[in-house]
Amino acid sequence: MGKPDKYEILQDLMRRRGFAWGSFEIYGGARGFYDYGPLGATIKRKIERKIREAFQREGFFELETPDITPEKVFIASGHVEKFVDPLVECKKCGARFRADHIVEEALGIDTEGMSAEHLTELIREHDIRCPECGGELSDVWYFNLMFETKIGPYGDQKGYLRPETAQGIFVNFRRLNAFARNKLPFGVFQIGKAYRNEISPRQGMLRLREFTQAEAEIFFNPKETEHPHFDEVKDEVLRLYPIENQLKNLGMIEITAEDAVKKGYVLNTFFAYYMVMVKRTLLDIGIPEKAIRFRQQLPEERAHYSSDTWDVEIHSERFGWVECVGIAYRGDYDLSKHMKMSGADLTVLIHYDEPKIVRRLKVSLNMKKVGPKLKKDAKRINELIQGWDEEKLRNLVDVLERDGRITIEGYELEKDDFIIREVEEKITGEKIVPHVLEPSFGIDRPFYLLLENSLVIEEDRTYLRLKKDMAPIEVAVLPLVAKEPLKSIAYDVFRTLQKAGFIAVYDEKDTVGRRYMRYDEIGTPYCVTVDNQTPEDNTVTIRDRDTREQMRVKIEELPEKLRELIFGE
Ligand SMILES: [Zn+2]
C-alpha cells in the first residue's frame, strides 16, 4: 500500500463525523453545492466570528442586504456585461466545458485573459476535441455566471442572485456615509451568501456555486493613503509573490510590511495595513503561517473593477496554492458607476482644515460693445461662456492673447469684446468620490484548508490538530467506566461546563481509549475523565489531544483551567 491519500482520508472523515458533504445526496447529488454538518457548521461559524471580530476591531460597521438583487444594480456594476466565462459545447454529446480549461489541458499553456475568438482559433488549429467523447467542439461563447431569477408574480422584473456581497454595500453608500458622519475613511462589511453558476465545478468545496463571503469595503480619500495605525503592523513579515517574480520565475520573497511599501511592492501603507490584518486573521483561525502567501494578480487576471489585487493563498497538499482571500483596490469604479446609473449623489464632502483661497477667471461679454454685432444672440452666448469651466476659460484667454480673436457660435469676437477678470474665492471643501479597498474572504475554502492543514496522520491515530479555540467540540467529559457514582459525577461536571459556556459533550460509550481516539479525530482539544479517585478527592484528569498527557485538576477549578487552556484567557 502506498502513502494514504490525505484528500480521501479527509473527505471520509468529513462525511463520517459530520463536518461536510456534497448536498442533495439522496437524490444523486448536485455539483457545486455542499452541506455543513453539525461539526462543520460550528467551525464555519467560528471562522465567521473571527473575521467579524477582526473587522470590528478596525471599527467597521456590519450590514446585511438581500441575496436577490434587481438587474439594474448589476448593469451598473458591470457584472451583466463582464462577469462571464468562455464556454464551449461538444457538438456530439452536448457536454459543456470551460473553454480556457479545455485549451489549457490540451496544450499546457496559460490562457488567462484570452478572448473567445482566440480560444476558438486554438481549438480549430490544434483540433482539440471533447474530453468525454472525442466529438467536435463548437465555437467559444461567453456565459454569464450569475443565476438569473424573476421578481414578482408576473416576472416582470429581472433579478439575479448576487455574485458578491459587495454591491449591497455600494448601493447603500449614501446612508452609510451619513451614518459615518461624512468622515473618511470608514469600513463596512457584510457576511453572507453569494452565487456563481460555475460551468463545471470540480475540486469539491473549493469551487462552489453557492458560497459564503465576508467582504469589507473600506472607503477612503485617495489623497490620504497613509494608514494611521501602520506603525502597529509595520514589522510583520509578509510572504509576497509579486507580478515581476511570477513572470521571471523568481520565487517568493519574505519582507516586512514597511519594506514592502518602501520598495514599491505594495501601493501604500493603507493597502499594506490590511494585508497584515488578513494574515493575522488567518493565523487566528489556525491556518499555519507557512501555508499563507500573498500573490499579486497579473493584470489579465484582475476583475473588471480592480486596478491592483493581491490574493491571499493557502497551501493545499492536493490542490497547491488556493486563493482564499482577495484584497482588491477597486478605486472609485463602483460608486461612480452607481452614481451614473441611479443619479444619486454618492460623493463625500471633504472639508479643508482651513478654507483655501483660489484664483478664478471670470469672463463675460462686454455687452455694450458686442450688442450691435450679436443682437439677440448676445445674451445667450454670454450665458454659455458663464457655464464654462476654468480650463475652457483659460483656453479662451490663451487664444485671445495669441491671435487677438476667437470664433464662438459662428461669431468672430475680439479681445475687447470680453471683460476678463481674475478673482479670489474662498473654498471650504470639495466633493470627492471615495476610493475603495476591499478585503474579501471566502469562508468555505479556508474551512476546507483549515481541516486539511490540521489533519495529522500518526501510526495509531488520525486526528485534527485544530487550533484549540476552533474545535467544534471543546471538551468531552467521560466517566472512566459507565458505572455509579462515576456516571453521575461526570454528568454533573458536563452540565457545569455547558453552563460555563463551553461546547461540551458527555460520553460513556466504549472503552476510554476508544473514546479518546473518537474525540482526537474531530479535534476536541481536551477530554475530562472522572475516575476512581474522583469520589475521594474531587479531582478529575484533563487529557491533552496533542501530547496525550494528563493532569489532575480540582473539579471546582476546571472551568477556569479549561478557559485558560483553550482560549488562552
Ligand atoms: Zn462530447
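The values are calculated or read from the model by the stated rules, or taken from the named source; none is laboratory data. Being a predicted model, the structure only gives us computed values, none of them experimental. Every residue, glycine as well, gets a Cβ built from its backbone with ideal geometry; the counts of neighbours run over all protein chains shown. Please note that ligands, DNA and RNA were not included when accessible areas were found on the heavy atoms of the full protein model with its side chains. Shrake-Rupley method; radii C 1.70, N 1.55, O 1.52, S 1.80 Å.
What to note about this one:
- In this structure segment 1-145 gives 56 Å² per residue of accessible area when probed at 1.4 Å with all protein chains present.
- Solvent-accessible surface of segment 465-567, averaged per residue with a 1.4 angstrom probe and all protein chains in place: 47 square angstrom.
- Stretched out straight at 0.36 nm per residue, the stretch from Lys362 to Glu125 would grow longer than its current Cα-Cα span by 78.9 nm.
- Shape category assigned to segment 1-156 from the gyration tensor of Cα positions, a/c cut at 1.5: oblate
- Rg to Rh, two decimals, where the chain supplies the alpha carbon set and Rh follows Kirkwood: 1.11
- Using alpha-carbon coordinates, inclination of helix 6-16 to the longest axis of the chain, degrees: 70
- The chain, accessible surface, carbon-and-sulfur percent (1.4 angstrom probe): 48
- Distance histogram in 10 Å bins (all Cα pairs of segment 366-407, percent per bin): 26, 49, 24
- Neighbourhood charge, 13 Å Cβ-Cβ cut-off, centred on Lys290 and excluding it, Lys, Arg +1 and Asp, Glu -1: -1
- FRET efficiency for the Val84 to Asp35 pair, using the beta carbon distance and R₀ = 35 Å, is estimated at 0.75.
- Rounded to 10°, Cα long-axis angle of helix 38-57 versus longest principal axis of the chain: 40
- Cβ-Cβ FRET estimate between Glu136 and Ile243, R0 fixed at 45 Å, reported to 0.05: 0.75
- Beta bridges by DSSP in the chain, antiparallel share as percent, to the nearest 5: 90
- Maximal additional length on extending the Lys92-Tyr352 stretch stands at 86.9 nm, based on 0.36 nm per residue less the C-alpha distance.
- Coordinate range along principal axes, alpha carbons of segment 218-343, Å, largest first: 49, 34, 32
- Computed from Cα atoms, the angle from the helix 558-567 axis to the main principal axis of the chain rounds to 40 degrees.
- Tensor-based shape of segment 84-144 (alpha-carbon gyration tensor, a/c under 1.5 rounded, otherwise prolate or oblate): oblate
- Fraction of the pair-distance distribution of segment 505-562 above 18 Å, Cα-Cα pairs, percent: 33
- Exposed loop sites here mean chymotrypsin sites (Phe, Trp or Tyr not before Pro) with a DSSP loop assignment and at most 12 other beta-carbon atoms within 10 Å; the chain contains its longest site-free run at 155-569.
- Scattering profile of segment 352-428 at q = 0.11, 0.13, 0.27 Å⁻¹ [log10 I(q)/I(0), Debye over alpha-carbon scatterers]: -0.32, -0.43, -1.39
- Left without a cysteine partner by the 4.7 Å Cβ rule in the chain: Cys324, Cys527.
- Spatial separation of Cα centroids for segment 430-495 and segment 501-550, in angstrom: 16
- Spherically averaged projected area of segment 469-554 from its Cα convex hull (nm²): 5.1
- Reported to the nearest whole Å, the Cα centre-to-centre distance from segment 334-413 to segment 198-220 is 48.
- Here's the picture: charge each Lys and Arg Cβ at +1 and each Asp and Glu Cβ at -1 in the chain, and of Phe502, Phe61, Asn144 the one pushed furthest to the positive end of that dipole is Phe61.
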